[in-house]
Amino acid sequence: MTQIVDYTSLQAGITEYLARDQDATLTARIPTFIQFAEAKFNRQLFVHQMERRATALVNTASSEPEFISLPSDFQSMRRVRLSSVTGKPCLEFKSGTQMDEYRFARFDVAAQPRYFTVFGDEIELAPTPDATYTIEMVYRQIVPPLASNGTNWLLTLAPDLYLYGALLESAPYIKEDARIQTWGLGFTGALGDLNNLGLTSTFNAGPMTVRISGQVI
């Protein structure tokens with residue numbers, strides 16, 4: 001049995017499990033099955049390895065300094081703060097409509113940003129920055145695709161999730177209804193174990209303390 005350590009060996013492992021290595025048409029579809037599985041990971045997997053931190057500078061020379069490009073692997077935001085300001089204050093999220101109403105009410109006077117929203121592939125700040133601030137973003141990233149990386153942290157951590165995920169995506173194509181349940185159980189089991197591990201690693205560091213927002217201890 002092939003030891004799964006990278007993109008190439010994963011494809012070989014999938015071929016072995018499908019037991020149709022002479023079917024060149026099916027083998028050629030394996031990268032697509034992996035791609036579909038990764039899309040499902042990005043929707044259903046929640047572990048701390050998916051969290052990333054990135055910084056960006058406000059470009060005051062831009063015609064729209066309130067807009068900053070998001071990281072290319074961005075999926076959802078966890079936190080935004082001004083890391084170049086004393087105390088590193090966090091920015092409060094507002095919807096796009098709320099941002100527009102805020103700008104209108106203040107006549108869009110430039111100042112230190114207090115709010116943010118996500119707009120397409122950019123983050124929008126309000127008020128419009130009056131200086132060059134360093135913006136720190138903590139966000140949930142997509143799983144680095146194997147097709148362009150060769151390997152990634154998820155394949156190292158859970159090769160079984162990748163294997164069963166790709167096999168499950170192959171079932172409708174090869175019309176193997178009988179295997180859907182087996183591969184589906186393998187996939188949901190591995191996914192559930194990882195999500196539970198994510199919860200344990202996040203909240204097992206010590207007892208949680210509930211306090212009123214803004215209270216300093």
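The values are calculated or read from the model by the stated rules, or taken from the named source; none is laboratory data. What you see is a predicted model; the values in this text were computed from it and never measured. Virtual Cβ from ideal backbone geometry, glycine too; neighbours counted across all protein chains shown. Accessible surface areas use protein heavy atoms only, side chains included; no ligands, DNA or RNA. Shrake-Rupley method; radii C 1.70, N 1.55, O 1.52, S 1.80 Å.
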Do the conditions hold for residue 32, that is, is it out of contact with any Pro (no Cβ under 6 Å at 6 or more places or on another chain), among the hydroxyl-bearing types (Ser, Thr, Tyr) and surrounded by 16 or more Cβ atoms within 10 Å (Cβ to Cβ)? no
Could you give me the residue pairs with C-beta distances under 7 Å whose first residue belongs to the range 77-94 and is loosely packed, with under 14 Cβ neighbours inside 10 Å, whose second residue is of a type in the set (D, E, K, R) and not in a strand (DSSP E or B) wherever it lies, and which are 6+ apart or on separate chains? 92/114
Tell me whether the range 139-146 contains one or more residues that are buried (at least 17 other Cβ atoms within 10 Å of the Cβ), at pLDDT 95 or above, part of a helix (DSSP H, G or I) and not small (Gly, Ala, Ser). yes
If we scan the range 93-107, do we find a residue that is over 26 Å from residue 46 (Cα atoms) and among the acidic types (Asp, Glu)? yes
With in contact with a Gly (Cβ under 6 Å, 6 or more places away or on another chain), among the hydroxyl-bearing types (Ser, Thr, Tyr) and within 30 Å of residue 95 (Cα to Cα) as the only criterion, which of 134, 117 stands out? 117
Filter pass, residue 68 being touching a residue at least 40 places away in the same chain (Cβ under 8 Å), surrounded by 14 or more Cβ atoms within 10 Å (Cβ to Cβ), under 15 Å from residue 166 (Cα atoms) and of a type in the set (A, V, I, L, M, F, W, C): no
Restricting to the range 12-60, name every residue that is among the hydrophobic types (A, V, I, L, M, F, W, C), closer than 25 Å to residue 197 by Cα and in contact with a strand residue (DSSP E or B) (Cβ under 9 Å, 6 or more places away or on another chain). 46, 50, 54
Would you confirm whether or not the range 16-23 contains a residue that is in contact with a helix residue (DSSP H, G or I) (Cβ under 6 Å, 6 or more places away or on another chain), open to solvent by 50 Å² or more (accessible area, probe 1.4 Å) and among the basic types (Lys, Arg)? yes
Candidates 151, 182, 156, 188 - the one that is in a loop (DSSP other than H, G, I, E, B), closer than 30 Å to residue 28 by Cβ and at pLDDT 85 or above: 151
Name the single residue that is farthest from residue 47 (Cα to Cα) among those in the range 120-138 being open to solvent by 50 Å² or more (accessible area, probe 1.4 Å) and more than 16 Å from the chain's Cα centre (by Cα). 130
